[in-house]
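Encoded as structure tokens, the structure appears first; notes follow it.
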Amino acid sequence: MQSPQRRPVIAGQGRRMDRAETWHTSAQDWCGPCVRRFRSIHPRIARVTGRPQRSQRLGDLCVIVSSALVILLSPFVAASSQQPETIVLAPVRAGLDPISLPQLDTLEAAVADHLRDARAAFEETPPNASPRDLADAYGAVGRVFHAYEFFDAADACYRNAAILRPSDSRWLHLRAYLLQQTGRFEDAVPLYLAARRAAPDDYAAAVHLGETYLGLGRIADAREQFDAMSMRYPAASNAGLGEIALRERRYKEAIAHLEAALARFPSATSLEYSLGMAYRGLGRMDEARAHLLRRGSGGVRVADPIVDELQTLARGERAFVMRGRQAYEAGQFQAAADAFRKAAAAAPADAIPHVNLAAALAQLGDANGAAAQLEIAVRLDPDDESALLNLSILLADRARYREALQHLDDSHRRFPDRAPTATTLARLLASSPDRSIRDGPRAFDVATTVYQREPSPAHGETVAIALAELGRCDEAEEWMRRAIGEADGGKDAPEAARLRREAGRYASRPCRP
């Protein structure tokens, strides 16, 4: 949901997603590659894949979100045109950092009470306490901030705790993990190394270090960490070594490692993408396609008692959302759905738990249930573009094309500058299986407006689809050539190759989908 042109990074992994992991398996889909992911300090995660539905000659028409719609965390700080005054917790000793505290009056009551209690417990620690006691006090309140993803406050707390007691690996480990979560890989590396020196048996830190090195492209260093942990954490090590082999184009080795990881961790469906790319590298396209269709959001996650304890701290709606997200990322979709239902019950006016529940239900194969949850989310928050787009695609997958069109049309009239909505609308108008709702002239008008505002290969292809619906095949071919040229010029080889495959569809006459 969130948009695709490229898909999201899972919090804690920091891994860049490739174009093939977009929401839509082909820009020929009427929905198009039209969703973007949100990424902020409160991660909004879109991990969307789907199964294509064939439509006459234009191929993949609409991709239903069958992997995940989006995993969102409700923003704690309410939108405001005026920034509230920042509350700062002064350092108790020289050489320590102040802590900027979150505003409590905008938070869910259970969360606000928890943070208030955590601050009160910290302030009960006397300034003349021992370094150990002060470090523990900073670490304890930092863990609460971290649990609710107030990363800046947690970072400062962990930093102070490590200054006061540098031999305590817990604060080094937690701060390194926080930095990895927020994409600050360079800063995370020395902290993981320090945590390993302070606690040589902190094996989870070694795996995280390997992941961090991989995120930095330090392949030799990453390999060293994964090799060292191959006996203790075989699934995580094989997953890491498989990614390394894939990057080095050692495709047979990559397949061996990735299949070994999946054998131990079948729910790690995110590895299916890498496995598919390895088979593609060997030219075994049927096997590549089979794995790419199975790709999902589950990953290999090592048991990490220091980090895992954070999940036990959160309260209220946020606690259920966090537990649901953790279950979702582990491929435990029923548990995720149960947690998201509790989140929705705890905050009935919040659209986000319903979107999350829709994601889990889609993974469980309950498309009708997912659509119902998205309908609730859209009623609660009509301005949420990602929820509306996913709802439209789910409705179309159920052959409810008019309803999908109505949602897209209403949204486009309200927000004409939203390219994802406009692109999806144009593709549905140009190539819906229900020809009675097609409107080639309007599709062309919407598509050209989007392209003029945001020229891109995908948006150029949308123009070509509209022209094909109008029977203007020569012009459609020319727009496809233009799109391919733009992809080549942008050095986007996968997109250029995909567009070349699609271009052949416009050579026949008539070319109407």
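The values are calculated or read from the model by the stated rules, or taken from the named source; none is laboratory data. Remember, predicted model here, so these are calculated numbers, not experimental data. FYI the Cβ positions are ideal-geometry reconstructions off the backbone, even for glycines, and counts take in every protein chain you see.
A few comments on the model shown:
- Listed by position, the helices (runs of 4 or more DSSP H) enclosed by the range 444-511 that each have at least 2 residues that are of a type in the set (A, V, I, L, M) and either over 27 Å from residue 433 (Cβ atoms) or without any contact (Cβ under 8 Å) to a residue 12 or more places away in the chain (or both) are 493-503.
- Subset of the range 108-131 (residues that are crowded, with 21+ Cβ neighbours inside 10 Å and either farther than 24 Å from residue 179 by Cα or of a type in the set (Val, Ile, Thr) (or both)): 111
- Some residue of the range 347-359 being part of a helix (DSSP H, G or I) and surrounded by fewer than 24 Cβ atoms within 10 Å (Cβ to Cβ): no
- Set 335, 370: member being among the aliphatic types (A, V, I, L, M) and in contact with a strand residue (DSSP E or B) (Cβ under 9 Å, 6 or more places away or on another chain): 370
- Considering only residues in the range 181-213 that are over 14 Å from residue 302 (Cβ atoms) and touching a residue at least 60 places away in the same chain (Cβ under 8 Å), the one that is surrounded by the fewest Cβ atoms within 10 Å (Cβ to Cβ) turns out to be 183.
- Boolean, residue 196 is under 30 Å from residue 116 (Cβ atoms), part of a helix (DSSP H, G or I) and not acidic (Asp, Glu): no
- Per the listing 91, 84, the residue uniquely out of contact with any helix residue (DSSP H, G or I) (no Cβ under 6 Å at 6 or more places or on another chain), assigned to a loop (DSSP other than H, G, I, E, B) and modelled with pLDDT of 70 or more is 91.
- Residue among 134, 172 that alone is over 22 Å from residue 87 (Cβ atoms), crowded, with 23+ Cβ neighbours inside 10 Å and without any contact (Cβ under 8 Å) to a residue 60 or more places away in the chain: 172
- Within the range 279-303, tally of residues that are touching a residue at least 24 places away in the same chain (Cβ under 8 Å), surrounded by fewer than 19 Cβ atoms within 10 Å (Cβ to Cβ) and charged (D, E, K, R): 1
- Filtered residue count, the range 236-253, keeping only those that are more than 22 Å from the chain's Cα centre (by Cα) and within 16 Å of residue 300 (Cα to Cα): 3
- Hey, residue 251 among the hydroxyl-bearing types (Ser, Thr, Tyr), touching a helix residue (DSSP H, G or I) at 6+ places or on another chain (Cβ under 8 Å) and under 26 Å from residue 498 (Cβ atoms) or not: yes
- Options 239, 222; residue that is among the small types (Gly, Ala, Ser) and either in contact (Cβ under 8 Å) with a residue 60 or more places away in the chain or farther than 26 Å from residue 166 by Cα (or both): 239
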